[in-house]
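Peer 1: Pasting in a structure now, in structure tokens, and then I'll have a few things to ask.
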Amino acid sequence: MDVAIVDPEKELWSGEADFLVARSEDGEVGILPGHAPFLGVLRHARLKVEAGSDVIIFAVHGGFIEVKDNRVSVLARSAEVASDIDVARARNQAERAREKLQQEAEDEEARLALWRAEARMQAADEAGLLADS
């Protein structure tokens, strides 16, 4: 199946894939070639693409996923390849966001920062980057 993963600034990846896993508002969805049409809202989470022997992991920060006619389009608000994630920075962002939320549980900006940091950490973990940091 054809897959394209883009955010407003760039195309992160495109090509033929055998399998894709994403987290939508309704839960995790696995997509294989020939998948039924699907449209979903993406959460802050990791996204995994299997293309032959390659596995590419992304941190996706909201957006949409559409499956139609054996093509998967991921239109992310922002996204990054796991190998580009600064793990130490993501840990620091998560820690600061948790501290802010302890002081002010309704701080929406801190909640979003925590979700973004957690998505980065999930992607980094699945890509095997946490053990090296």
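Peer 1: In whole percent, what relative contact order does the chain give with Cα contacts below 8 Å and a gap of six or more residues?
Peer 2: About 23 percent, as a whole number.
Peer 1: Additional query: I'd like the trypsin sites (Lys or Arg not before Pro) in the range 41-90 restricted to DSSP loop residues with at most 16 other Cβ atoms within 10 Å, sorted by number.
Peer 2: Qualifying residues, ordered by number: Arg77.
Peer 1: In addition: If you take the C-alpha gyration tensor of the range 85-126, multiply each eigenvalue by 5 and take the square root, what semi-axes do you get, largest first, in whole Å?
Peer 2: 20, 9, 6
Peer 1: Could you give the length gained by full extension between Leu39 and Ser24, i.e. 0.36 nm per residue of separation minus their alpha carbon distance, to one decimal place?
Peer 2: Once the chain is fully extended between Leu39 and Ser24, it gains 4.5 nm.
Peer 1: Quick one: what Rg and Dmax do you get for the range 2-82 from the alpha carbons, in Å?
Peer 2: Calculated on Cα positions, Rg and Dmax stand at 11.1, 29 Å.
Peer 1: If I stretch the segment between Lys10 and Lys100 completely, what's the gain in nm (0.36 nm per residue apart, minus their alpha carbon distance), one decimal?
Peer 2: Between Lys10 and Lys100, full extension yields an extra 29.2 nm.
Peer 1: Then there's this: Show me 8-18, 101-111 ranked by packing, highest mean number of other Cβ atoms within 10 Å first.
Peer 2: So the order, starting with the most tightly packed, is 8-18, 101-111.
FYI, it's all coordinate maths here, none of it is from the lab. Given the structure is predicted, the values throughout are model-derived calculations rather than measurements. When we count neighbours, we look across all protein chains shown, and the Cβ atoms used for this are built from the backbone with ideal geometry, even at glycine.
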